[in-house]
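Peer 1: The structure is given below, and queries will be raised subsequently.
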Amino acid sequence: MSSVEEFRTEIRDWLRAELTGSFAELRGRGGPGREHEAFAERLAWERHMAAAGWTCVGWPEEYGGRGATLEQQVAFHEEYALADAPARVGHIGEQLLGPTLIALGTPEQRDRFLPPIAAVAELWCQGYSEPDAGSDLANVRTRAERDGDEWVVTGQKTWTSLAHESDWCFVIARTAPGSNRHRGLSYLLVPLDQPGVDIRPITQLTGTSEFNEVFFDGARTGAGHLVGAPGDGWEVAMATLGFERGVSTLGQQVGFRRELETLIELARHNGAVDDPLIRDRLARAWTGLEIIRCNALRMLEGAAAGAPGPEASIGKIFWATWHRELGELAMDVSGAAGMLAAGEPYDLDDRQRLFLFSRSDTIYAGSNEIQRNIIAERVLGLPKEVRP
């Protein structure tokens with residue numbers, strides 16, 4: 001196993017050599033609010049990465065990964081972001097479902113699903129949220145009934161990222177009739193290319209549609225595609241959410257830093273930095289970014305020790321609020337020019353897109369309100385919120 005610096009140099013040199021030719025045009029493409037950009041080309045790039053062994057670097061070697069240490073994984077994601085490489089298209093399979101199957105799946109499930117994820121041959125989406133079960137996952141109403149060797153799924157999921165580009169969806173469904181809250185839920189792997197699945201894109205404030213509604217009307221999946229036992233869905237889903245806030249967050253912060261540096265450069269160019277209030281907010285944003293990194297490292301240290309604790313919730317609240325406020329600051333630095341689209345019909349610049357899309361940061365991946373409840377109830381021991 002190479003040292004962290006050797007590993008960092010290896011991925012940095014590979015990216016420098018391979019992000020050339022047609023791939024060079026993908027630098028900076030994709031990401032939140034921009035997932036529509038060059039999707040097919042980014043998919044080709046990620047499959048190029050897979051062929052060179054640069055996907056799933058943190059997975060054990062026996063499952064197609066590199067067995068990278070936590071420190072090496074951090075180095076990988078930081079170098080990837082520093083190279084301005086395109087946003088990943090297989091993130092949900094690689095960072096969420098893959099680790100879940102490695103930890104809790106059967107040997108048959110690992111053999112079937114892990115190789116296509118590592119090769120970026122199958123793309124995944126997450127079927128958690130519903131119209132009446134957003135951050136309150138225990139209110140799920142989608143149901144699944146056993147029919148011989150298959151499960152039959154009926155219900156609706158919403159805010160499903162990249163469902164229209166995905167091959168499979170891991171779905172939380174209620175398999176115990178009459179159950180409520182977190183009891184009676186199961187975690188199913190459901191193919192999307194079949195009768196009984198209707199995917200409808202949701203148009204966002206940015207004018208793009210990376211989120212979707214997914215309707216299941218008698219969709220089917222094999223009995224062996226249940227992760228864990230029937231009724232274990234809540235525990236499996238929580239394990240997946242734990243993987244969601246992993247080492248890739250360090251790469252996310254490199255992107256945040258790039259956004260802030262670009263904003264500071266604009267403020268100097270258009271004179272906004274001469275306003276003492278703007279200057280103070282830029283300084284606070286820089287300080288906040290350092291706190292985000294400290295929170296992330298503390299969270300990863302706790303996770304590595306097997307006790308993630310409240311760090312994940314604290315970190316999510318802080319970075320989501322910080323990024324939303326950065327979007328507001330971007331509009332104030334832009335001034336009146338920020339009110340005008342760059343072109344027809346709705347051509348947004350990076351600052352406008354940041355402002356509009358970051359409104360969702362405090363909602364997705366567990367809303368700020370839910371994270372505060374977790375801290376209040378599980379850490380501070382305060383009375384639980386009254387639920388009907």
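Peer 1: Can you pull out the residues in the range 64-107 that are surrounded by fewer than 22 Cβ atoms within 10 Å (Cβ to Cβ), assigned to a helix (DSSP H, G or I) and free of Cβ contacts under 8 Å to residues at least 60 places away in the same chain?
Peer 2: Matches in the range 64-107: ILE102, PRO107.
Peer 1: While we're on this one: Spot the failing condition for MET49; the list is (1) farther than 18 Å from VAL254 by Cβ; (2) part of a helix (DSSP H, G or I), and only one is missed.
Peer 2: Every listed condition holds for MET49 apart from (1).
Residue-by-condition table, conditions (1) part of a loop (DSSP other than H, G, I, E, B); (2) open to solvent by less than 30 Å² (accessible area, probe 1.4 Å); (3) at pLDDT 85 or above:
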site: SER186; (1), (2), (3): no, yes, yes
site: LEU189; (1), (2), (3): no, yes, yes
site: LEU250; (1), (2), (3): no, yes, no
site: HIS269; (1), (2), (3): no, no, yes
site: VAL273; (1), (2), (3): no, no, yes
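Peer 1: Filter the range 275-292 down to the residues that are open to solvent by 20 Å² or more (accessible area, probe 1.4 Å) and under 14 Å from ARG258 (Cα atoms), then identify the one that is modelled with the lowest pLDDT.
Peer 2: The extreme case among them is GLU290.
Peer 1: Considering each residue of the range 203-222, count those that are hydrophobic (A, V, I, L, M, F, W, C) and open to solvent by 30 Å² or more (accessible area, probe 1.4 Å), and give that number.
Peer 2: Residues flagged as hydrophobic (A, V, I, L, M, F, W, C) and open to solvent by 30 Å² or more (accessible area, probe 1.4 Å) within the range 203-222 amount to 2.
Peer 1: Exactly one condition in (1) in a helix (DSSP H, G or I); (2) under 26 Å from the mean Cα position of the chain (by Cα) is false for LEU277; which is it?
Peer 2: So the condition that LEU277 fails would be (2).
Peer 1: Could you grab me the full set of residues in the range 362-386 that are exposed (fewer than 14 other Cβ atoms within 10 Å of the Cβ) and without any contact (Cβ under 8 Å) to a residue 40 or more places away in the chain?
Peer 2: Selection gives GLU377, LEU380, GLY381, LEU382, PRO383, LYS384, GLU385, VAL386.
Peer 1: Now a separate question. If you go through the range 1-38 one residue at a time, how many are under 30 Å from THR203 (Cα atoms), open to solvent by 60 Å² or more (accessible area, probe 1.4 Å) and assigned to a loop (DSSP other than H, G, I, E, B)?
Peer 2: Going through the range 1-38 one residue at a time, the tally reaches 4.
Peer 1: Looking only at the range 108-117, decide whether some residue is out of contact with any His (no Cβ under 6 Å at 6 or more places or on another chain), of a type in the set (S, T, N, Q), surrounded by 21 or more Cβ atoms within 10 Å (Cβ to Cβ) and not in a loop (DSSP other than H, G, I, E, B).
Peer 2: No, the range 108-117 contains no residue that is out of contact with any His (no Cβ under 6 Å at 6 or more places or on another chain), of a type in the set (S, T, N, Q), surrounded by 21 or more Cβ atoms within 10 Å (Cβ to Cβ) and not in a loop (DSSP other than H, G, I, E, B).
Peer 1: Quick check on the range 255-266. Is at least one of its residues polar (S, T, N, Q), surrounded by fewer than 13 Cβ atoms within 10 Å (Cβ to Cβ) and modelled with pLDDT of 85 or more?
Peer 2: no
Peer 1: Kindly indicate whether GLU41 is assigned to a helix (DSSP H, G or I) and under 17 Å from GLY90 (Cα atoms).
Peer 2: Here the answer is yes, as GLU41 does meet what is asked.
Peer 1: Same structure again: If I ask for residues that are touching a helix residue (DSSP H, G or I) at 6+ places or on another chain (Cβ under 8 Å) and in a loop (DSSP other than H, G, I, E, B), which ones from the range 193-211 would you list?
Peer 2: Correct list: GLN204, LEU205, THR206, SER209.
Peer 1: Can you report the number of residues in the range 39-60 which are farther than 17 Å from PHE76 by Cα and open to solvent by less than 10 Å² (accessible area, probe 1.4 Å)?
Peer 2: Looking only at that region, the number is 1.
Peer 1: Filter the range 319-361 down to the residues that are polar (S, T, N, Q) and surrounded by 21 or more Cβ atoms within 10 Å (Cβ to Cβ), then identify the one that is farthest from ASP275 (Cα to Cα).
Peer 2: Step by step, filter the range 319-361, then rank; the result is SER358.
Peer 1: What number of residues in the range 123-177 are free of Cβ contacts under 8 Å to residues at least 12 places away in the same chain and surrounded by 20 or more Cβ atoms within 10 Å (Cβ to Cβ)?
Peer 2: The total comes to 0.
Peer 1: Cβ-Cβ distance below 6 Å, separation of 6 or more or different chains: which pairs start in the range 49-60 with a residue that is more than 14 Å from GLY90 (Cβ to Cβ) and end on one that is surrounded by fewer than 18 Cβ atoms within 10 Å (Cβ to Cβ) and not hydroxyl-bearing (Ser, Thr, Tyr)?
Peer 2: PRO60/GLY67
Peer 1: A follow-up question, please. Can we say ALA237 is surrounded by 20 or more Cβ atoms within 10 Å (Cβ to Cβ), modelled with pLDDT of 85 or more, of a type in the set (A, V, I, L, M) and in contact with a helix residue (DSSP H, G or I) (Cβ under 6 Å, 6 or more places away or on another chain)?
Peer 2: Answer is no for this residue.
Peer 1: Further question: Here is a check on your reading of the model: is ALA52 within 26 Å of VAL171 (Cα to Cα) and not charged (D, E, K, R)?
Peer 2: No.
The values are calculated or read from the model by the stated rules, or taken from the named source; none is laboratory data. Predicted, not measured: the structure shown is a model, and the values here were computed from it. Quick reminder, even Gly has a Cβ in these numbers, built from the backbone with ideal geometry, and neighbours come from all protein chains shown. These accessible areas exclude ligands, DNA and RNA; they are computed on the full protein's heavy atoms, side chains included. Shrake-Rupley method; radii C 1.70, N 1.55, O 1.52, S 1.80 Å.
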